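See below for the structure under consideration.
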Amino acid sequence: MSDVEVGFLCLMTRPTEPLFYPKYNGEVFMDLPTEYLSSRYKVVADWIKNHFGSTAKRQVAIKSIDLPDLSYATLVPRYGDFNLFSTAQRKVAGQLVSDLIAQPDAESMLSLASYARDRMNPTLFQYALSIALMHRQDTRNVPIPSFLEMFPARFVDPMVIPQAREEGFIVQQGARVAIDVPVNFTASDNEVEQRLAYWREDIGLNLHHWHWHLVYPQEGPLEVVDKDRRGELFYYMHRQVVARYNVERFSSLLPAAKPLLNLREPIPEAYFPKILNSALNRTYPGRAANQLISHVNRPEDDAVSTILEMETSLGRIMDAIQSGFILADDGSRIPLEEGSGIDLLGNIVENSLLSKNLAYYGNYHSLLHSMIGFMHDPDNLFLEGHGVMGDFPTAMRDPVFYRLHSQVDNVFDQHKQKLPAYLNSELAFSGITITDVAAHVTSGKSIKNRLLTFWQRSQVDLGTGMDFGPHGNVVATFTHIQHAPFAYQIMAFNESNQEKTATVRIFLAPISDAKGEQLLLKDQRRFMIEMDKFVVKLHPGENRIIRKSDESSVTIPYERTFRRVDASSMPGTDGFRFCNCGWPDHMLLPKGSYNGQIFDLFVMLSNYNDDLVQSEMIQTDDCNDSHSYCGLQDQKYPDKRAMGFPFDRIPIPEDQMMQDFVSRFSNMERAVLEIVFNNTIISRT
């Protein structure tokens, strides 16, 4: 690796250690200009170079450049919270991204970043640096560690950290043993919501949420923020999160999350996260049962709002949906059209550089997070930081996250309900018939349409995030849900004498709710889980399509969610980049139940000529495998249809059940699929 690449890796290793402190087993020394050192260390600059530089095997010399004015970054205290739900702090991050990207070459960007790192809030810095690296042509191949590797205390029980330090300091690298992360350490089994802790607190799930917002920042250079269908992706990714969570609730005999519509009612769900906010070195504050949201008045955190303001903001968004247009800043009307309306709404609900008329429509989504995140100390009387709901990497741990986003999804669905049902011509694919659909486990003996889930023990390396800790790998073992690998088999018949191209769309949906009552299609559509989407060629006559579960367009493999613990402590070429945005593969399937939970497996072959976008997906790109929730880097979203098609709209009245809908179209088929949960733990091999 070049010195520049190694330098960037050192910037992202042990983020609160001084940059000059040797990295990677003491082998790499960052040789900084004296003027780049903080005032505390300038007086000992010669000693630093002689003491640390003389023993390092590799030195990375940082050149001196004319530095831009970075005083704006002092708005975010170095030893304080960085909150992406704060408009002001997001703008700081966006400006830092702009300054980094504006550097003429990678070496100059490394120099600016080296100066900024030890002067800024560590989370702010790592967030901005990651965005800048992945959006510059000359740095996008720099491997970026996951947020888990930088700030492990935000993902695991804090009791693990001192145990890991002890193991790392006392035991040599080759003889170290893994430290066990407790399962469900946040509440007892007497708390009903604890049934879903394995899902909400999954490390991969929370990394996914952070990664998605890293790829789709709200502030920064326009070319970084203005990605194709960004607002629609915000809607659809979060819709899928809520759908998947509610299906997990059904598996645990719990009802769907109740939308957080009335902000004046107590919140019955308590949550005590028991993880460290590494910026403050304190645990995130908890929330007792039946607490009330009242207001938030913390100007120093850029969090000031009232329930009335939130109700007004929501009312104006709903008025726009009902009227069919948005009021622009100049008073003109922007229609909410069938194709672009959901994208406009997504960019209003989650305000960003792309939002229309922010002064009128408000900051609905972000302020909801802030009001809940600060509800334990709304006036900052006790100088408490935000709860997990106020932080992207931790928000999905809280049960109320799903209530909030169920409400947000209801807002989006009001727009979808106003759109006409899809016409038969939009749904059919003339001359194409699906004759059979099945899924089966691919290892060992399997039963058709019966899939299996279980617990798995895996390992992650916490070493690169343990500031002033032991060198080398420090491994922790954690338990998570997993599924047995499986494959779909689709039999399709092409009646024509010409080859045709089809988009294969695969969804999974529960047939019944938690009470065992069968779901009507108009309700079932809200629980549709997208499993895969891909393109196939159909030759004349019979076609047999086999698709493996690990090829899903939704997920990324385990190795890109968690870095391999058997890798060198110096990362290689398996980078974060855009590619690490995607649903974790181990959570592709719902958990199911001991006795088997039944689902509708829906498969549709749509006409690729109707799905094709102007710029076709580059099939050789290594980052095209999880585009359903994350889109494609520097390309248009690879499907012209609405995200969630054909279930994003209300069906016609005649289609009361899934089978009614499927029976009208030869290019669709359903199978009843069973997911059986086996309550055993298997170690990853």
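The values are calculated or read from the model by the stated rules, or taken from the named source; none is laboratory data. Just so it is clear, the structure is predicted and the values come from calculations on it, not from any experiment. Note: ideal-geometry Cβ built from the backbone for every residue, glycine included; neighbour counts use all protein chains shown. Just so you know, the surface numbers come from the protein's heavy atoms only, side chains and all, with ligands and any DNA or RNA stripped out. Shrake-Rupley method; radii C 1.70, N 1.55, O 1.52, S 1.80 Å.
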Measure off, as a whole percent, the carbon and sulfur share of the 1.4 Å-probe accessible area of the range 3-142, all protein chains present.
50 percent
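Given Cα pairs under 8 Å that are at least 6 residues apart, what percent is the relative contact order of the chain? Write down the numbers at each step before the final one.
Working: 1333 pairs, mean separation 110.6, N = 685.
The value is 16 percent.
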Show me, bin by bin at 10 Å from 0, the whole-percent P(r) of the range 192-418 based on Cα pairs.
8, 32, 38, 20, 3, 0
Projected label distance in nm at S683 and L308, using a 7 Å step from Cα toward the beta-carbon:
6.2 nm
Kirkwood-based shape ratio for the range 428-573, expressed as Rg/Rh from alpha carbons:
1.10
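Quick one: plug the Kirkwood hydrodynamic radius of the chain (C-alpha pairs) into Stokes-Einstein at 25 °C, 0.890 mPa s, and report D in µm²/s. Kindly include the intermediate steps, with their values, before the conclusion.
Values: Rh = 26.4 Å.
D, rounded to a whole number, is 93 µm²/s.
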Report the calculated FRET efficiency for D634 and D105 (r = Cβ-Cβ distance, R0 = 22 Å), to the nearest 0.05.
0.65
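Using only the heavy atoms of the protein chains and a 1.4 Å probe, how would D46, D105 rank by accessible area, largest first?
Working: D46 120, D105 55 Å².
Solvent-accessible surface, decreasing: D46, D105.
Could you give the length gained by full extension between A61 and V177, i.e. 0.36 nm per residue of separation minus their alpha carbon distance, to one decimal place? Can you show the working numbers first?
Working: separation 116, 0.36 × 116 = 41.76 nm, distance 3.61 nm.
Going from the current span to full extension adds 38.2 nm.
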Roughly how many nanometres apart are two label points built 7 Å out from the Cα toward the Cβ at K445 and N290?
5.5 nm
Percent of C-alpha pairs per 5 Å bin, the range 3-142, short to long:
2, 10, 21, 22, 21, 14, 7, 2, 0
Straight-line reach check, K448, cutoff 27 Å on alpha carbons, 8 or more apart in-chain or any other chain, hits among lysines -> K515, K533, K537, K548, K591
Work out the charge dipole of the chain with +1 on the Cβ of Lys and Arg and -1 on the Cβ of Asp and Glu about the Cα centre, then indicate which of V475, F661, V603 is farthest towards its positive end.
V475
One finds, for M1 and R544 with R0 = 41 angstrom and r their Cβ-Cβ distance, a FRET efficiency to the nearest 0.05 of 0.35
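Given a cut-off of under 8 Å on Cα pairs at least six residues apart, what relative contact order in percent is computed for the range 233-313?
Numbers: 70 pairs, mean separation 15.9, N = 81.
Here the relative contact order equals 20 percent.
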What pairs in K418/K500; K258/K522; K258/K640; K356/K522 have C-alpha atoms more than 23 Å from each other?
K418/K500; K258/K640; K356/K522
What does the charge add up to near K418, with Lys and Arg as +1, Asp and Glu as -1, over the other residues with Cβ less than 14 Å from its Cβ?
-3
Counting only other residues whose beta carbon sits under 15 Å from that of L381, what net charge do I get with K and R as +1, D and E as -1?
-4
Projected onto the charge dipole of the chain (unit charges on the beta-carbon of Lys, Arg, Asp and Glu, signs +1, +1, -1, -1), the Cα from L314, V349, I161 with the largest positive-side position is that of I161
Just how much of E269 is accessible, in Å², when a 1.4 Å probe is used and the result is rounded to the nearest 10?
30 Å²
Given contacts defined as C-alpha pairs under 8 Å and at least six residues apart, what's the relative contact order of the range 3-142, whole-number percent?
28 percent
Checked the range 123-256 against the a/c 1.5 cut and the a/b vs b/c comparison, axes a ≥ b ≥ c from its Cα gyration tensor; verdict oblate
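With a length cut of 27 Å (Cα positions projected on each helix's long axis) and a Kyte-Doolittle mean of at least -1.0, go through the chain and give me the DSSP H helices that pass. Could you put the intermediate results ahead of the total?
Details: long enough: 230-251 (32 Å, -0.66); 399-418 (30 Å, -1.07).
Counting only whole DSSP H runs, the qualifying helices are 230-251.
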Under 23 Å Cα-Cα from K23, which lysines qualify once same-chain neighbours fewer than 8 residues away are excluded?
K42, K49, K57, K63
Would you mind telling me the share, in percent, of accessible area of the range 192-418 contributed by carbon and sulfur at probe 1.4 angstrom?
54 percent
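Count charges around R239 for me, please; just the other residues with Cβ under 12 Å from its Cβ, Lys/Arg as +1, Asp/Glu as -1. Write down the numbers at each step before the final one.
Details: positive: R244, K416, R525, R526; negative: E232, D409, D413, E530, D648.
The answer is -1.
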Could you pull the accessible area for T87 with a 1.4 Å probe, rounded to 10 Å²?
30 Å²
For T442, tell me the accessible area in Å² from a 1.4 Å probe, rounded to the nearest 10.
80 Å²
Accessible area, 1.4 Å probe, largest first: how do E654, E559 sort?
E654, E559
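Rounded to the nearest 0.05, what FRET efficiency do V672 and N281 give with R0 = 56 Å and r taken as the Cβ-Cβ distance? Could you check? Write down the numbers at each step before the final one.
Details: r = 52 Å, r/R0 = 0.92.
Computed FRET efficiency for V672 and N281 comes out at 0.60.
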Probe 1.4 Å, heavy atoms of protein chains only: per residue, the accessible area of the chain in Å² is 39 Å²
